[in-house]
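Participant: Sharing a structure with you now.
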Amino acid sequence: MTVDLADAVGQLALEPKQFLGIPIALIGACFLSVGAQLQHHGVAKVEASTPDMAGGGLSGRQLLLLLRRPSWVIGTLMLGLAIVFQLVSLFLSPLIVVQPLGAVALVITAILNARVSHVKLNRSSIIAICLCVGGVGAFVLLAAFFARELPVTDRDLILILIILAIVLVVFALLFVFLRARFKALMYIVGAGVLYGFVATLAKVVIARLVQRDFDGLLVLCIVALLAAAALGAYFVQNAYSAGPPDLVIAGLTVIDPVVAVTIGIVILGEASLAPLWVGIGFVLTGAVAIYGVFLLAKYHPQAVDATPTLEAVIAPATDTAAQSGLD
């Protein structure tokens, strides 16, 4: 079945209340940018003060030390505000409209990190950021025209929870057995995938709470949401210790919405009326955005080498922390 331009424009139109979700999501993106920069600074300070614990992910002691870093605590509060703004925007607007607006955070974080760390982005990094933002923008533009927001049935929700359980187990096992080999990109991909499920489940939980649809499945959704958010948050903190904040934000603001919208398309059938060329467009634009993340991981001037020495990791972190003067 084909969809003509008039029908597509009609699908894109939002109610006045739904338009409020857009500026709210943009404000949340600003909090996400600043919070990420502050958290990255706090993790760098802790890693610099505990060189004997480098490698294999943050330890329990290092996580406790983060609570004593003012920059990390303030950054965490700002990320909390970003989540609140995101949830409000999800309540007001369709997920496919507001979730990808987080890509704005990538641009803000790249500029902010360059100013704070006094490291100028190279040409390859700028191209990578453009690919991330452009790919996500094109992906969502297609979704906004051709995807329809449909109610989530119990069957769909159970399928999402089963897939999330498998994802949680896979990433947990990979971390347990291969944590010494984990690099920033692996943490970022894991966090992005998990947060994609978190965004989807958050939308479902909000809708069911508003409808007063309380049942065991809702409780299971909340538990799964919290588990995915907790593991994703831990991965993010470890990513900060191995890469620059704009690389972390690139992964989250690209992989997160791509995963969330893909769930809507594949599982919820939100693009069932879209023609074949739109499906091909989803694959191509998503691939471009994700390729941008890999490029940024490879060419960012602050990216950690694949086999760094202990001094190579600790020294830049110490220098950047000292120069920024955040705490």
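Participant: Take the alpha-carbon centre of segment 107-144, take the same for segment 165-179, and report the distance between them in whole Å.
Facilitator: 29
Participant: Let me check I've understood the local charge: for Asp154, count other residues with C-beta under 15 angstrom from its C-beta, Lys and Arg +1, Asp and Glu -1. What total comes out? Intermediate results must be reported in sequence, preceding the final value.
Facilitator: Values: positive: Arg155, Arg208; negative: Asp156, Asp213, Asp215.
Once positives and negatives cancel, what remains is -1.
Participant: Within a Cβ distance under 15 Å of Asn238, other residues only, what is the Lys/Arg minus Asp/Glu net charge?
Facilitator: Working: positive: Arg61, Arg179, Arg181, Lys183; negative: Glu47.
Summing Lys/Arg as +1 and Asp/Glu as -1 gives +3.
Every number here is computed from the coordinates shown, using simple stated rules; none is lab data. Since we're looking at a predicted model, the values are computed, not measured. All Cβ positions, even for glycine, are placed from backbone atoms using ideal geometry, and neighbour counts span all protein chains on display.
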